[in-house]
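One structure below.
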Amino acid sequence: MDAKQRELADKIKNILVENLRLPEEDLTDDAKLFGDDIGLDSVDSLEIIAGIDQEFGVSMMGVDREHFQTITTLSAYVLANLEN
């Protein structure tokens, strides 16, 4: 992960901590957000979508599930779509 993606990943982690009240220590870059690791649900995904749109101006509505797997995949998607 390069420095720009690291910065985005840290901001996304903050969104998850603040909006979903998740313990920061549980949010490693590769922890599965929707599964056994963190256990988020579809309502939580709406919070993530809203937080990313507000923070970065990147719409995630209708985005494939593969981009919601981990903080790493979320930050890679945001990085790839920041300028679009």
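The values are calculated or read from the model by the stated rules, or taken from the named source; none is laboratory data. All of these numbers come straight from a predicted model, not from anything done at the bench. With ideal geometry, Cβ positions are generated from the backbone for all residues, glycine too; neighbour counts draw on all protein chains shown.
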Mind checking which pairs have a first residue in region 9-32 that is among the hydroxyl-bearing types (S, T, Y) and a second that is part of a loop (DSSP other than H, G, I, E, B), Cβ under 9 Å, 6 or more apart or different chains? T28/D37; T28/T70
The condition from (1) closer than 15 Å to L79 by Cβ; (2) surrounded by fewer than 16 Cβ atoms within 10 Å (Cβ to Cβ); (3) in contact (Cβ under 8 Å) with a residue 12 or more places away in the chain that E47 misses is numbered (1)
Here is a list of conditions, (1) over 10 Å from the mean Cα position of the chain (by Cα); (2) of a type outside the set (S, T, N, Q); (3) in a loop (DSSP other than H, G, I, E, B), and D29 meets all of them except one; can you say which number that is? (1)
If you check every pair at least six apart or on different chains, which have Cβ atoms under 6 Å apart with a residue in region 60-82 that is under 16 Å from D37 (Cα atoms) first and a residue that is among the small types (G, A, S) and at pLDDT 95 or above second? I71/A9
Here is a check on your reading of the model: is A9 touching a Ser or Thr at 6+ places or on another chain (Cβ under 8 Å), small (G, A, S) and either crowded, with 16+ Cβ neighbours inside 10 Å or modelled with pLDDT of 95 or more (or both)? yes
Return the residues of region 64-78 that are assigned to a helix (DSSP H, G or I) and more than 13 Å from A9 (Cβ to Cβ); say none if nothing qualifies. R65, E66, H67, F68
Residues being within 19 Å of D2 (Cβ to Cβ), part of a loop (DSSP other than H, G, I, E, B) and not β-branched (V, I, T) - total across region 32-63: 0
Keeping to region 59-72, report how many residues are buried (at least 19 other Cβ atoms within 10 Å of the Cβ) and modelled with pLDDT of 95 or more. 2
